[in-house]
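The values are calculated or read from the model by the stated rules, or taken from the named source; none is laboratory data. These numbers were taken from a predicted model, which means no experiment stands behind them. Every residue, glycine among them, receives a Cβ derived from its backbone with ideal geometry; neighbour counts consider all protein chains shown.
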Amino acid sequence: MADKPAQPFYQIYRGSSLGKALFESLDELIQSGHINPQLAVKVLTQFDKSTSLALSSQSKAKCSVKSHLNTFNLVDDVWTFQLQSPTFKFENNSETVQLPGKCKIVACKAGSADVKQ
Amino acid sequence: MSNRVVPNVYRTVISEVIENVRQDFDEVGVEEAVLQELLRLWEDKVATSRVADFSHDPRIGARARDFLPLPFPNPASASNGSASTPKPKEDGAASGNGATDSAAGGEAQTSSSTPAKTEPPISKTNSGSGSGVGGGADEDEINSDLDDDDDEDGADGEDGAGAGKSEDVVIALYEKVQRVKNKWKVTLKDGLVSVGGKEYLFAKCQGEFEW
């Protein structure tokens, strides 16, 4: 088993708007030939790390969500839920958001970013 | 709260990433100008994404002022949306939608004049099945017809052409997932909620679902 040089961080945050923005920007630079794909991978890896650390340290808010559950799925320590018309409450009722449609939750296991072999 | 911290957190992440990859760029021999270009592109996209109010951010501020976050359709949280609207700069902006005469939440709703690239997902009607399949970004909205939901929601390669739509998603870590009969209790932490075109961050989230 090859040893990883550093503790890997989850890549799930690449799906956020910040992650997608970065991905698209990197893509544009690759298309125009300014950077090569390996460099882009390094940037994304750094992004994974920075985002994971920022989220765990900077946000103090609490929220709750209630909804009907359409589907649930657990594969490789990743839970995926499909919700129907969820109601989100942020910061102890300072804000309530109700969605008419669907919503997906993707959650990786807390505490470990290593992939099980 | 959790939406208002978004610009700060994003600013932190962006700065940290750029600082740390500067060395990688150097090693490969790519110029600083390219790094700056990456930064500019990245900030542009974030500013136009309208997921939060970036107008106070030192770097994105000027660009973001033309793209304030959309007021939320939910009346319960209207107060959050209106907080960002009274900006005198908006009136002179290219959109020229006469923001002054419409009420606080209204100006973003006159979406006919907003820049075409960011279509607010909520205000567009989408007759999903009728409008034809050819690369229509609008069909992938939430609230479109029930057909093909499973496929298109999970489609990963779909996001080309800068569709600008955001599916509602929560990305987080889970601490505990429990189930009793059909009642699920989930504890999430350190996550990001992207719903209704806006983003929120949380340290802890309690979920209760009924299957």
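Checked against the criterion of being facing chain B (nearest Cβ under 7 Å), surrounded by fewer than 17 Cβ atoms within 10 Å (Cβ to Cβ) and under 16 Å from residue B:173 (Cβ atoms), segment A:41-56 has at least one qualifying residue. With respect to the conditions (1) more than 9 Å from every other protein chain (Cβ to nearest Cβ); (2) over 23 Å from residue B:176 (Cβ atoms); (3) more than 14 Å from the chain's Cα centre (by Cα), residue A:35 falls short on a single one, namely (1). Residue count for segment A:5-38, restricted to those that are within 18 Å of residue A:108 (Cβ to Cβ), aliphatic (A, V, I, L, M) and either in contact (Cβ under 8 Å) with a residue 40 or more places away in the chain or in contact with a Pro (Cβ under 7 Å, 6 or more places away or on another chain) (or both): 1. Check whether at least one residue in segment B:200-208 is more than 27 Å from residue B:13 (Cα to Cα), of a type in the set (Phe, Trp, Tyr) and facing another protein chain (nearest Cβ under 7 Å), and report yes or no. No, because not a single residue in segment B:200-208 is more than 27 Å from residue B:13 (Cα to Cα), of a type in the set (Phe, Trp, Tyr) and facing another protein chain (nearest Cβ under 7 Å). Checked against (1) in contact with a Lys or Arg (Cβ under 6 Å, 6 or more places away or on another chain); (2) surrounded by fewer than 18 Cβ atoms within 10 Å (Cβ to Cβ), residue A:82 passes all but condition (2).
Got at least one residue in segment B:38-51 being modelled with pLDDT of 80 or more, touching an Asp or Glu at 6+ places or on another chain (Cβ under 7 Å), closer than 16 Å to residue B:200 by Cα and in a helix (DSSP H, G or I)?
Looking only at segment B:38-51, we keep the residues that are modelled with pLDDT of 80 or more, and these are B:38-48.
Filter once more, keeping what is touching an Asp or Glu at 6+ places or on another chain (Cβ under 7 Å): B:41, B:45.
Okay, now just the ones that are also closer than 16 Å to residue B:200 by Cα, so none.
Within segment B:38-51 (the criterion being modelled with pLDDT of 80 or more, touching an Asp or Glu at 6+ places or on another chain (Cβ under 7 Å), closer than 16 Å to residue B:200 by Cα and in a helix (DSSP H, G or I)), the answer is no, since none of the residues qualifies.
Is it the case, given these coordinates, that residue B:51 is among the β-branched types (Val, Ile, Thr), surrounded by fewer than 20 Cβ atoms within 10 Å (Cβ to Cβ) and farther than 15 Å from residue A:47 by Cα? Quick ask: steps written out before the conclusion?
Details: among the β-branched types (Val, Ile, Thr): yes; surrounded by fewer than 20 Cβ atoms within 10 Å (Cβ to Cβ): no; farther than 15 Å from residue A:47 by Cα: yes.
Criteria not met by residue B:51.
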